[in-house]
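Comments concern the structure below.
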Amino acid sequence: LGGAARLYTEEDPLVILSSGSLRTTVSNSSSAWLVQFFSSWCGHCIQYSGTWKALAGDVQEWQEAISVGVLDCAQEENFDVCKEFSIKFYPTFKYFRAHSLPTDRGTTYKGADREIQSVRQLMVNILQNHTRMDRPQHCPPLEPYSSAELLPLLGQRSDNFTAIIVEEPDSYVGREVILDLLQYSGVQVRRALSSDLPLLDALKISTFPSIYLLQPNGTHTHLHSDKKLRFFFSSLLKALPGVQRRSQAASSSSSVGQVENAAVTVCVYRSKVYLADLDSALHYLLRVEMATHTTLEGEELQVFKDFVTMVAKLYPGGAWVVKLMETLSDWLLSLPLQRIPYQAVLDLVDNKMRISGVYLGAELHWVGCQGSRAGLRGYPCSLWTLFHVLTVRHEATPTALDNTGSAPVLQVMRRYIRTFFGCEVCGRHFEQTAADSLDSVQSREEQILWLWRTHNRVNNRLAGSLSDDPLFPKSPWPSTSLCSSCHEEKNGVHVWNHDNVLHFLQRHYGNANLSPRYSL
Ligand code: FAD
């Protein structure tokens, strides 16, 4: 593998450039570019790669205005281009304005401070350094608006929300939130300065930064945010009814706040976990996903046995599902056979158990996992939910798996996904993450957090993709409205409070939060 492949991969939220692609990518681009020229043998570059990836993740949603790239000067194919761009030391940071000429070799950032917050502010400055004429096509104005421009908007009806962030002159929050919302339609974000007295007077604002919202119906209000931080402001705005990613808005015909499809039939609380989803996950897993395997033997049989045992011991739901899983588990463990036809499992699930009144519901019924149209959410959503519930349950009942001979729960889930999960690419991604980091998981609490972190990585990768349901857009979870104390800022960068996340997950996926409403 080349150096770039080791330090940065396609999974990272940045663009890996090479001699072949550098010029064509950065010149005459509709966005500005910030490129780190590094060398994979340079120790500091290796140390710094984590910061650069975190920066790229932090500003991923700004890429239509300014994109982040890397180029490895230690790769032989890149020797010439690094010379041409006068890269003498590693890392060298160069930025390129939008619509730059092919002869432009970029401007070198010489600042000693390379921490995320400083580089992010540099990116804002780069964008502000454009003129009205050569500004990146998708970049809205970042300059402050005046009361003369904003006050006439009060009381006016509009198709969109308008958010006004009022802040001190040296604050970057307003500009960062404008850029965070770049890919979203349904809201326009403006900034104004705390020195604009007529505005403060009219909006009755006295603390900064503050966010004020003009609603489509002409009313306006101060928007309350638990913490006056960029992440909280951006999350609040993204959660407004009708605000959605432009790619999703284009593929969906829904208007502000409306559920587009009659398929969403029940009132769902996002703060609840629904037993119907867990039951449906098992229904689909046993009757559809597993049923594509006509016989089970060797490793497959072992994986299935472990999975059924884990569910039998930890499933929190109705007694009859537990009874079914226990019976299935006992039956599988008592079998002297090395090879079983899957039809025997189906017979047991469908018929024999029914005689004793213990059976799995005959229909799929998604509640919390209901999509806004067919083909969205459903089974994969319910499988994640089941996995989270099981890790939390295992922590609450530590001895449940004693003497079962079963592997740790995450290993059982990993093997199930690798062996049986119908989405093969998903299975490969999950396996890669598990191979990279599962060994470091030592406790049951860490299991809960590992699964949460891994799920968020998938959310991050899929945000804005075609499988993203416009009514349930993928984003860092839990949101600020579900768990405000889970979110903090350190040196201007969003961080999770892991203790609070753990407590939240234990509560959210714990027995007391499982709703039997709409059960099968
Ligand atoms: P989901 O992501 O399925 O989440 C379900 C519910 O879990 C959410 O509604 C929310 O309440 C809660 N939740 C969200 N995030 C977290 C979190 N971090 N921790 C705890 N709870 C959370 N699809 C792909 O296209 N590519 C993949 O590589 C891929 N890998 C997958 C791997 C696994 C193991 C699974 C089970 C699914 C995978 N999928 C993948 C499917 C994808 O992740 C979603 O499940 C699917 O797109 C449906 O999304 P959803 O909006 O219903 O929410």
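The values are calculated or read from the model by the stated rules, or taken from the named source; none is laboratory data. What you see is a predicted model; the values in this text were computed from it and never measured. Cβ coordinates were reconstructed from backbone atoms using ideal geometry, including for glycine residues, and neighbour counts include every protein chain displayed.
For this structure, a couple of remarks:
- The lone criterion from (1) in a helix (DSSP H, G or I); (2) modelled with pLDDT of 95 or more; (3) within 18 Å of the chain's Cα centre (by Cα) left unmet by D499 is number (3).
- Selection of first residues in segment 435-464 that are within 20 Å of D499 (Cβ to Cβ) and of second residues that are more than 7 Å from the ligand (Cβ to nearest atom) and outside any helix (DSSP H, G or I), restricted to Cβ pairs under 7 Å at least 6 apart or on distinct chains, gives the following pairs, ordered by first then second residue: R444/P398; Q447/V441; W450/V441; N456/P476.
- Some residue of segment 208-216 being within 27 Å of N491 (Cβ to Cβ) and surrounded by fewer than 19 Cβ atoms within 10 Å (Cβ to Cβ): yes
- Within segment 135-150, restricting attention to residues that are over 13 Å from I66 (Cα atoms) and surrounded by fewer than 16 Cβ atoms within 10 Å (Cβ to Cβ), the residue that is modelled with the lowest pLDDT is P141.
- For W477, the conditions (1) near the ligand (Cβ under 9 Å from one of its atoms); (2) surrounded by fewer than 19 Cβ atoms within 10 Å (Cβ to Cβ); (3) within 23 Å of Y315 (Cα to Cα) are fulfilled apart from (3).
- Residues of segment 361-370 that turn out to be surrounded by fewer than 20 Cβ atoms within 10 Å (Cβ to Cβ) and near the ligand (Cβ under 10 Å from one of its atoms), as a count: 0
- Residue count, segment 312-357 (criterion: more than 38 Å from the chain's Cα centre (by Cα), more than 16 Å from Y284 (Cα to Cα), assigned to a helix (DSSP H, G or I) and modelled with pLDDT of 80 or more): 5
- Residue match in segment 295-305 (condition: within 16 Å of the ligand (Cβ to nearest atom) and either within 18 Å of G378 (Cβ to Cβ) or in a helix (DSSP H, G or I) (or both)): yes
- Any hit, segment 87-105, residues being exposed (fewer than 13 other Cβ atoms within 10 Å of the Cβ), under 30 Å from Y212 (Cβ atoms) and either among the hydroxyl-bearing types (S, T, Y) or at pLDDT 95 or above (or both): no
- Checking each residue in segment 495-520 for being more than 15 Å from the ligand (Cβ to nearest atom) and either at positive phi or not polar (S, T, N, Q) (or both) picks out V495, D499, A512, P516, R517, Y518, L520.
- Residue selected from segment 371-383 under the condition of a type outside the set (D, E, K, R) and more than 9 Å from the ligand (Cβ to nearest atom), by the criterion modelled with the highest pLDDT: S372
- Every residue from segment 19-34 that is surrounded by 16 or more Cβ atoms within 10 Å (Cβ to Cβ) and more than 26 Å from S475 (Cα to Cα): S19, L22, R23, T25, V26, S27, S29
- Residue ID - modelled with the highest pLDDT, chosen from residues in segment 252-290 that are of a type in the set (K, R) and assigned to a loop (DSSP other than H, G, I, E, B): K272
- Residue in segment 113-128 that is more than 26 Å from E489 (Cβ to Cβ) and either basic (K, R) or surrounded by fewer than 18 Cβ atoms within 10 Å (Cβ to Cβ) (or both) present: no
- Within segment 212-250, if we keep just the residues that are without any contact (Cβ under 8 Å) to a residue 60 or more places away in the chain and under 19 Å from E64 (Cα atoms), the residue that is nearest to the chain's Cα centre (by Cα) turns out to be S234.
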